[in-house]
Structures are given as C-alpha cells and as structure tokens.
Amino acid sequence: MEIKVIKNILGENDRFAAENMALFKDKNVFVVNFMGSPGAGKTSVLERTMEKLGSTLRMAVIEGDLFTSKDADRIDKYGVPVIQINTAGGCHLDANMVQKTAKDIDLDALDLLVIENVGNLVCPAEFALGEDARAVVLSVTEGDDKPMKYPLMFKESEIALINKIDLAPYCNFDRKSAKEDIEMLHPGIVVQEVSCTTGEGIDAWCDWLKAGVAKKKGQ
Amino acid sequence: MCKECGCGETNGNTRLQFTVEGYTEELAKDVEKALFGLPGVLFVHIHAHDGETTVDYAPKKTKLMDILGVFQKRGLEAQL
Ligand SMILES: Nc1nc2c(ncn2[C@@H]2O[C@H](COP(=O)(O)OP(=O)(O)OP(=O)(O)O)[C@@H](O)[C@H]2O)c(=O)[nH]1
Ligand SMILES: [Mg+2]
Ligand SMILES: [Zn+2]
C-alpha cells in the first residue's frame, strides 16, 4: 500500500515536470539540473561558469539547499539572478518546488537556467524537474568507485564532470576506470575532467552549455 | 535521508537471478557491459564459472526481451 502512495507522488511530480518543460520550451530557456554529492563542487563550478559566461549568456541560478542560503549568497556576488529553495531537510528538489520558484524569475530575459540540486548522489536522480539536461559532478576525493555504487545518477545524466582533478594524484583516483564505468553505465554520456582551482576543463564545460543554449534556441 | 522520503527504495526495479550456460571470462565481461548500458539496469553480477547471473533492472525502462536479447546475440541461453 505504501508503494502506491510513493508512485502517486512520483506520478504527480512528472505532471509538474511536464508543465515546467512546456514553460521552459515556450521561453526558449536551456535548463540544467545540476546534481552531485555534498561538496562535489557544484557551486564552485557555477562560480567558474559565471566568470566565463557571465557576459555572453543571460543566466540565472536556482539554489536547492536544506536550510541555508550559503550557496545563493555565493552566486549573488557575481550579479547573476539567484533564487533559493529551502527543502527544510528534504533530500531532493521536486518539480512543484521549481514551478513555484520559476514564477519569480523573468524567463524572457534568460538563455540559461541552472538548478543546483540538494547535495545527494541518490535521490535527486529520481525526480525530473522539467529540465533539458542533467549534469552530475563527481569529485576525485569521493573515489573512483562511486559511479558503480550510485549508478542511477550517471545513467540519468547527459554529462558527468569529474571535478577536483587537481587532487587526483593525492586521492588514488583511477581516472581511466572511473571514465570507463561511467561510459558503461551510460553509453554516449559526455565525461569531462575539470578543476575549479586550476580552471582545467571549464572551457569545455562552458562550450557544452553554449551548445545546449544554441540548440534550444533552434540555431 | 532517503528513508524519510522513500525515494530510491521503491524505484520500481526488479531483481532477476538465473543461470546462463556457456560463459567464458571474456563473454561474461562483454555481457556485463552490454547489460549495464541498458536503461534502468542498475546492477549486474555474473559468476562466469557456474553461470549464475543477477540483473537489477527497471521493467518500465527496459523490456525483459531486451535483456534476454543480450544473451541471444552472443549465442548464450538464459534459463529463467
Ligand atoms: N582542490 C579543489 N577543491 C575544490 C574544487 N572544486 C571545489 N573545491 C572545494 O570543495 C569544497 C566544496 O565545494 P562546493 O562548491 O561548495 O560544493 P557543492 O557541491 O556545491 O556542495 P553542496 O552544495 O554543499 O552540496 C569547497 O571547499 C571548494 O573550494 C577543485 O576543483 N579543486
Ligand atoms: Mg553547493
Ligand atoms: Zn531521498
């Protein structure tokens, strides 16, 4: 019986997600659901992204967080519109939360909307938000075995960023094996090594975002 | 966390366990890779020596026929 309730919730989420998707399509905004473990470097990648793309793309960020607005404060420093969603302990964002929040964003003035999900390598993968693409950040400090241990996240993402690559030599992180596992779980996924410290790979990530924006606009 | 919201626990996945005859170490690796690449397949474990094969998959995302097809394509037979 309990299973039924959960199915209902998921079914309801899909309905909200479909509505969000229609809205984002109507406004031609490329929307990315940005996921990964606590501390993987999601906000740090966004900071580097805003530095690179801030003047060429019209961007906004939704920050999902349990209680605080610490990440939103970091984004705000870059002058990029940011809205905070506090899940009050909830382990993932859902489409209804995003729908309520999207009402407060001027979508007509945007090319790109990034939704930083709650730090969690499991649950967010199960909840569509109406996004065009999902991106997962895995950092080398988490270990190269994580893709096989948390497969759904990698199966559901179009791109996987392997972050903190500057630390790889200190973490016994087997880059080849991690990449092979991710590609096995999701044939065709883009795997990109990045470092927010050195800036390595950030250009390639930004190019991927720009391509998504261009495609959404039908260019 | 996940226990509170229930997500992840009831993702609709099913676990199949069956025997497959004719594995070599290489074939088993190849099958494992092909199965993992299918949508909704979250876990694969193969004992090449006795043919015991475990697959955790989402019937909503991949049909049983597609799972079985992976074996057929390689001349193997899954005994469900
Ligand atoms: N050495 C190194 N440290 C990094 C890198 N990227 C992020 N960090 C550090 O990792 C820590 C966590 O980064 P955040 O960007 O806050 O991670 P997050 O994924 O947004 O975390 P949550 O939002 O809490 O889930 C910070 O101390 C960053 O400075 C990197 O490429 N190299
Ligand atoms: Mg963050
Ligand atoms: Zn959860």
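Some values worked out for this structure:
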quantity: Test for A:Thr141: is it among the polar types (S, T, N, Q), within 14 Å of ligand 1 (Cβ to nearest atom), touching a Cys at 6+ places or on another chain (Cβ under 7 Å) and modelled with pLDDT of 95 or more; calculated: yes
quantity: Any hit, segment A:162-179, residues being closer than 17 Å to B:Phe43 by Cβ and among the charged types (D, E, K, R); calculated: no
quantity: Subset of segment A:93-104 [under 20 Å from A:Asn120 (Cα atoms) and in contact with a strand residue (DSSP E or B) (Cβ under 6 Å, 6 or more places away or on another chain)]; calculated: A:Leu93, A:Met97
quantity: Residue count, segment A:84-112 (criterion: within 14 Å of chain B (Cβ to nearest Cβ) and not acidic (Asp, Glu)); calculated: 10
quantity: The listed residue being touching a residue at least 24 places away in the same chain (Cβ under 8 Å), more than 16 Å from ligand 2 (Cβ to nearest atom) and within 21 Å of the chain's Cα centre (by Cα), out of A:Leu185, A:Leu167, A:Leu161; calculated: A:Leu185
quantity: Subset tally (residues that are assigned to a loop (DSSP other than H, G, I, E, B) and within 18 Å of A:Ala125 (Cβ to Cβ)) for segment B:36-53; calculated: 6
quantity: Restricting segment A:61-83 to residues that are without any contact (Cβ under 8 Å) to a residue 24 or more places away in the chain and within 12 Å of ligand 1 (Cβ to nearest atom), the residue that is nearest to the other protein chains (Cβ to nearest Cβ); calculated: A:Phe67
quantity: Qualifying positions in segment A:124-140 - among the aliphatic types (A, V, I, L, M) and either free of Cβ contacts under 8 Å to residues at least 40 places away in the same chain or more than 16 Å from ligand 2 (Cβ to nearest atom) (or both); calculated: A:Ala125, A:Ala128, A:Leu129, A:Ala133, A:Val140
quantity: Some residue of segment A:87-97 being surrounded by fewer than 17 Cβ atoms within 10 Å (Cβ to Cβ), at positive phi and within 15 Å of ligand 1 (Cβ to nearest atom); calculated: yes
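The values are calculated or read from the model by the stated rules, or taken from the named source; none is laboratory data. Everything numeric here is computed off the predicted structure, so don't read it as measured data. Backbone-built Cβ (ideal geometry, glycine too); neighbour counts: all protein chains shown.
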